[in-house]
Each structure stands twice: as structure tokens, then as C-alpha cells.
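A short worksheet on the structure shown next.
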2 protein chains.
Amino acid sequence: MADADTPPTLDDVAHYAGVSTATVSRFINKSGKVSKRTQVRVEEAINTLGYTPNFAARFMAAKRTFTIGAIIPTMENAIFARGLQAFQEALNDHGYTLLVSSSAYKPQAEEEQIRTLVARGADGLLLIGHDRKPEIYDYLDRQQVPVLVAWSYDETARAPSVGFDNKTAMQALAERVLSMGHRHIGMISGISEGNDRARRRIEGVRAALQGFGLDPATLSPLEVPYNISDGDLALETLMSRPTPPSVVLCGNDVLAAGALRGAKRLGLDVPRDVSITGFDDIELAQVVSPALTTVHVPHREMGRRAAEELIAMVQEKRAGISFKLETTLVDRGSVARRDG
Amino acid sequence: MADADTPPTLDDVAHYAGVSTATVSRFINKSGKVSKRTQVRVEEAINTLGYTPNFAARFMAAKRTFTIGAIIPTMENAIFARGLQAFQEALNDHGYTLLVSSSAYKPQAEEEQIRTLVARGADGLLLIGHDRKPEIYDYLDRQQVPVLVAWSYDETARAPSVGFDNKTAMQALAERVLSMGHRHIGMISGISEGNDRARRRIEGVRAALQGFGLDPATLSPLEVPYNISDGDLALETLMSRPTPPSVVLCGNDVLAAGALRGAKRLGLDVPRDVSITGFDDIELAQVVSPALTTVHVPHREMGRRAAEELIAMVQEKRAGISFKLETTLVDRGSVARRDG
DNA sequence: TTGTAGGCGTTATCAG
DNA sequence: CTGATAACGCCTACAA
């Protein structure tokens, strides 16, 4: 009886098969150079012993893990899920494994997770948005771990990114609303501190106002966490202002769904009494009623491209190349025309 | 100039501080036994060098990673998100890090991910549901990695579990519907193969039918993937049967939201023309209209308890103890009373 | 309190 | 094609 209390190692397999560890290693890594006969012997040994290579040891010796890490702000809603799924699929196609962590929108947590993932040997990292302390990028440089940012395109940022321009996307939506006659815009945004996506979306609305000859300073966005109930309450706050807005632009579809719920709660009809818009175009946008007019983001394409770019950075040891995706407006009926 | 092209190691820190690696190691692991003076020296060395311990090396030497792995069927919707968030928070409170992977409901992918996580040194694993090949449990035993199953309570299963009884939960809902006069039940289920939750929910409905003196065999659930559009199409299929159901029980809230959309598309009023129910009580259930009558699952409590139990299993090297959570019915108006 | 040294499981170099 | 053997970075008795 062999010891059943400790996982089998390369050594065990080698002994069992009557060859050296080097040979077993070669077989496992398919580096050719192994005769047909020994191949079957080794394979059998592996199977009967139930051997699995130890990543840690492998990593120490080879410095590669074929693992990519991703840290997303939240798993509590579907915003990042779809793109991440595509990211993972593309990664798998190339033989890489994805490890995900969620920071709950806390910069501190994100920083720890970055260190964890790096220390665990992630070959590359996917992060959401550009906003974070420069020291983090310094650290990543020192550790020589390639980073790619998604969900936000910004050429001027320190890290390469695959995403869309949050500002112009939101600006286009705001312009559409303005062109439909709305003049009093309310906005429910996510917390903008440490979140360039949220911030740029606000900027987009301001730019649109300016373009229509209105004062950008009149926009005072309500910043709340990205939960349905927050959107619900925020809508109530906005509507109880002295001059309530005729349209409420929300930072994302989740907030918009909440706003919709809030409107219903207050007995307001959407879009007759107040128009509401979202951002992201997740499935949620299509099941609420009225369905949300929103900004469609090509989530899956973003995920796939990000995976390909990051893998290229890792394998070719080169700097990342940013890629800008286009968003489109989707009109679904949660916005009504307004006269004057 | 030191070499700037490779991350600093324990050795570097030791040299810089003028002590041995053992001392630095002791300092890092806070094993006491380090004089105040050397402490500051080491700390400074670590900071100026920007040192981060290498997990792989650490794992090889110490066999512990303080990391827990979790594999969920999907990230595409919020079903698992909430519980997982709580799981992660509880883990963090105890000094553990969570690594998540999604299998996209593919047993093959799940198996690979289990191996990956184990090989990476996960101290313990959280899996969803009991259904999987026995070899996987054998493998886990051999590797001595504790596993806990969530989202499904089953004393008779091989692995310990923290969850609820999917059958009785669904049975209670079906009984409620029956007691409201419905006699023709339609069901949209997730794919039940390899998914004990889905299977047990179907069983629950059958048990309820039996209890009301109806033939359980008359229930022919439509099995579809867990997407909104699948629920939408499935509802159409059900309603175009010779004798359409008066109520459609859905395997989860996502399918129910889809069914709701399908009903709207067909010009059917819910619940007047057809009643619809969900399962899970995720936020989605409250934003669709009508809001969904569904089964409330204590997601956060489940996540927290799972974390505590799994950590106990890891630290005390003991078998897991199953824990059963209670679910409750939430009546929100998507079911109407039916005469006869 | 501190240092020395062996070992953890792989990979990879270099001889056979 | 195959086999020794030296790293890889850290932890932890065992000594001092």
C-alpha cells in the first residue's frame, strides 16, 4: 500500500512508471521527445495514481501559470457578467484560466486583490476603469505583470484600455433627450469618486447641455450606490425638488430600474410624467416596463477583444494597444417628447 | 543600482536589512520573536524594495494559502451573486481570500476548474449543488481538499451542504397555487440533467399535484437554459398547447421574468390571463410588473454560513456539518385566484 | 532573539 | 530519447 494521505507527485509517477521525473515532465508538457512506449507507461501511471501537477511548484520553476486575473467592482448585478463571460471564453480558447475577484467598489479591497492575484502568479490582469493610485501601477510595473483596463477607453491614461468613451456615449444620449424637447434634466449617478466611468458620464451630460446653450452647472447629479433601491429613493428625492426634472438620466440600467420602481411607487407614469433612461443595456433593460431607452454597450465584443489583447501582451511581452468600441443608442420608449 | 528587472525576494530584503531570511520570514508571519529594532529595519527594507511574498513559494513550503475557491454555474445573472458576496465578506473577515470561477453550467468546465483551483492550492472549495461525477469527490478526497455544497441541502449526498430543500420549497409554492384554484399547471424549468436543484424543484411540483389528488405525470416541464429569452419563448410554447395552463411555475426568477415578457408579447395579461411564479427572489423579481410571486431564499445568510462552516472544516480538519435553511413564500401579485 | 540549512514539486539545462 | 541535477522563493525545525 502506498501512502494514501498525501497527493501523488511527479516523483511518484516517475517511480511507478520506472522513468525519471524529467521524462514525466516532458510527457505532461507535450514537449515531444518521448517514445511511444514510455508515453503509454507514463500515462497509465498518471491515471492509476490520480496525479495532478502542482501549480505552485510549476510556477516557481517555470514562471508561468496560464492564468489571468480579473477584478470587477461587483458581482451583485449583471453589468460586468456578460463581458466577463466572453472574456473567460476567449481566454479558455487560448488555454488560459480566469480567476475573478470582486472589490465591492472599494479601492482598498481592489488593491489587496491585485496583490493577491499577482502573488499567485497571474500572468496578466484585467481591471475595470482607470482610476486608482499610481503606486498600484508602479507595483504592477515592478512585478512585470501586464494590465489591461476595460469598460473605459482613454488614450491618455497610464494603462492601455479596451472599452468605450463613457463621456461621448452619455453625451449622445443626453443630446437625444434634449432634442426631444427636454430642458430640465435630472441625473442619478453612481458614486463618482474613484470611478472614472461615472465621472465621465456626468461630463457627457454637461457637454450636451453646453452644446444646447444651457448652463452645465445647473446639473446637480445625485450620487448613490449602484442598487435598485438606491435608484428608487433617488428618484423620489429628485422629484420632490422645487422644480422636478422632466427626464432623469441614470448612470446605469440598475439605477434606472430602481428609478422606474420609484416612479411607480409615487404614482408617476413613465414616460408621461417623467422620462427615464439607463446605460449599459443589460437584459434588465428589456424586462422592466416601460422597457428602457438606454446606451447599448457591446459587452461580449469588449470581453473578447480584451482577452485577445491581454494574451498578446503576455505572450509577446509587449505594451498593450488601446481599442475603442462604439456604443449605440437604443430607443425603447421610456422617454417621451416634450414641448418647450 | 540593483536589478530592476526582477521582483525582490526574501533574500533581497534580508540582505538589505542585514539579517537572515529566517528573521524576515518571522517578521512577515508575525511569529513574535523579533526584536523591535530589527523589526523597523526589516519593515523599511520591505517598503523601499517594494517586496511582496511569492504565494507559490509560500504554498510549497507551508501548504496553506488562506484561499478558498468557489465555482458557480453562471455569472450572467444575479442568482448566485448575492450569496457569493456574503460568502466573500465572511471569508475576508476571517483572513481568507476568495477566488471565483464560472462553469457556464458545463460539468466538463466545472471539473477542470476544480482541478485548477485545487492545484493552485485552494484550502477549501465551495460548489453549487450536489450533482457531479463521483470521481470528482474521490479526487478531492485524495487531495484532501474540503468541499462544501451550497444552494441545495441534502443529508444523503456525499458532500456536506449548506442550503435549502429545493423540493419542499417548490412544493409549498405549488400547493399555494393549487389552493388558489389552479388545476392546470405549466412549468418552465432549467435543464435538469446534472442539476439537482432543478430536478428537485420539478419533484416538488409533482408532489404537490399528488397531494391534491392530481396525476403527477400530467406535468410535462419544459426544460430550457436559464435566460430571459428562453423563458420568453418557453411561455409561448406552453400557451400554444391545446389546453394552455392557467399558471406557469418557473424554475427561477430569470425564467419568470422572461415568461412575463413573453406573455406581454402575446398580449396576455398577467395574472388575469395567466399566472406566473418565480424562484429565488432576486431583485429582478421586484422590478418587473407585476412583481413576482416567488420563493424567497436567504442568500446572504446562506453565503455567510457556508463561509463559516468551510473555514471550520479547513482549520479544524474535520468533516463538514450540513445546515438547512428555510425558505419563505413571497406573494407579490403575479398569481390570481382561479375558480374551478 | 537570530542564523543555518533542508525540503516543498516542477522545469530546464546538460550530459549520456 | 532519457536521466541527473541545479534552480525557483519561502518556511521551519534545529542550533547557536
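What follows is calculated from the coordinates using simple rules that are stated; it is not laboratory data. What you see is a predicted model; the values in this text were computed from it and never measured. Reconstructed Cβ throughout: ideal geometry from the backbone, glycine too, with neighbour counts over all protein chains shown.
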Can you compute the charge dipole magnitude of the protein assembly as shown about its Cα centre, using +1 on each Lys and Arg Cβ and -1 on each Asp and Glu Cβ, nothing else charged? Give it in debye, rounded to the nearest 20.
480 debye
Looks like the range A:78-137, by Cα gyration tensor root eigenvalues a ≥ b ≥ c and the a/c under 1.5 rounded cutoff (else prolate when a/b is bigger than b/c, oblate otherwise), is oblate
Evaluate peptide A:244-252: per residue, the Cβ atoms of other protein chains within 10 Å of its Cβ; return the mean as an integer.
0
Could you go through the range B:227-232 in sequence order and give the Karplus-derived ³J(HN,Hα) for each residue, using 6.51 cos²θ - 1.76 cosθ + 1.60 with θ = phi - 60°, rounded to whole Hz, and x for Gly and Pro?
10, 4, 5, 5, x, 4
The range A:113-204: relative contact order in percent, alpha carbon pairs under 8 Å with at least 6 residues between:
26 percent
With label points built 7 Å along Cα→Cβ from the Cα atoms of A:T6 and B:K33, find their separation and express it in nm.
2.2 nm
Looking only at other chains, what is the average number of their beta-carbon atoms within 10 angstrom of each beta-carbon in B:50-60?
6
Would you tell me the mean number of C-beta atoms belonging to other protein chains that fall within 10 Å of each C-beta in B:283-291, as a whole number?
6
Taking a ≥ b ≥ c as the square roots of the eigenvalues of the Cα gyration tensor, with a/c under 1.5 meaning rounded and otherwise prolate when a/b exceeds b/c and oblate if not, chain B is prolate
For A:A62, which inter-copy label distances result when the label point lies 7 Å beyond Cα on the Cα-to-Cβ vector, reported in nm to one decimal and in ascending order?
2.6
Farthest toward the dipole's positive end in the range B:1-74, which of B:T67, B:N47, B:L10, given Cβ charges of +1 (Lys, Arg) and -1 (Asp, Glu) about the Cα centre?
B:T67
The rounded separation in angstrom of the Cα centers of the range A:193-254 and the range B:93-111 is 36 Å
In whole Hz, what ³J(HN,Hα) sequence does the range A:262-269 give by Karplus (6.51, -1.76, 1.60; θ = phi - 60°), x for Gly and Pro?
x, 4, 4, 4, 8, x, 9, 8
Which shape class, rounded, prolate or oblate, goes with the protein assembly as shown when its Cα gyration tensor gives a ≥ b ≥ c as root eigenvalues, a/c under 1.5 marks rounded, and past that a/b bigger than b/c marks prolate?
oblate
A:D215 paired with A:L266, simple spin-label distance in nm, labels 7 Å along Cα-to-beta-carbon:
2.3 nm
The range A:279-339 versus the range B:20-90: alpha-carbon centroid distance in Å:
35 Å
How far apart are the B:K36 label points across copies, placing each 7 Å from Cα toward Cβ, in nm, shortest first?
7.5
So what J values fall out for the range A:302-318 if you push phi through Karplus, 6.51 cos²θ - 1.76 cosθ + 1.60 with θ = phi - 60°, rounded to Hz, Gly and Pro as x?
4, x, 5, 5, 4, 4, 5, 5, 5, 4, 4, 4, 5, 6, 8, 6, 10
Show that you can apply the helix-only estimate: for chain A, add -39,500 (n - 2.57) for every DSSP H stretch of four or more residues, divide by all residues, and state [θ] at 222 nm to the nearest 500.
-13500 deg cm²/dmol
Express the relative contact order of the range B:240-340 as a whole percentage, based on alpha carbon pairs under 8 Å and six or more residues apart in sequence.
29 percent
Counting only DSSP loop positions in the range A:104-197, the GluC sites (Glu not before Pro) whose Cβ has at most 11 other Cβ atoms within 10 Å are A:E155, A:E193
Provide the net charge surrounding A:T38, with neighbours chosen by a C-beta distance below 11 Å and charges set as Lys +1, Arg +1, Asp -1, Glu -1.
+3
Give the angle, between 0 and 90 degrees and rounded to the nearest 10, that separates the Cα long axis of helix A:81-93 from the longest principal axis of the Cα atoms of chain A.
30 degrees
Relative contact order of chain A, please, whole-number percent, based on alpha carbon pairs below 8 angstrom and at least 6 residues apart.
17 percent
Please report the antiparallel percentage of DSSP beta bridges with both residues in the protein assembly as shown, rounded to the nearest 5.
10 percent
List the longest stretch of chain B that has no exposed loop site; here a site is one of the trypsin sites (Lys or Arg not before Pro) assigned by DSSP to anything other than H, G, I, E or B, with at most 13 other Cβ within 10 Å.
B:65-271
Would you tally the net charge around A:D339, using a Cβ to Cβ cut-off of less than 14 Å, leaving A:D339 out, and scoring K and R as +1, D and E as -1?
+4
When each copy gets a label point 7 Å from Cα toward the beta-carbon at B:L214, what are the spacings between them in nm, shortest first?
5.4
Please tell me which of these pairs span more than 21 angstrom C-alpha to C-alpha: A:K106/A:K133; B:K106/B:K264; B:K63/B:K317; A:K133/A:K324; A:K63/B:K63; B:K106/B:K317?
B:K106/B:K264; A:K133/A:K324; B:K106/B:K317
The answer for B:S161, listing residues at least 5 apart or on another chain whose modeled amide H is closer than 5 Å to its amide H, is B:V149, B:D154, B:S322, B:F323
Amide proton proximity set for B:T67, modelled H, under 5 Å, gap of 5+
B:T97, B:D123
What's the angle, to the nearest 10 degrees (0 to 90), between helix A:36-49's Cα axis and the longest principal axis of chain A?
70 degrees
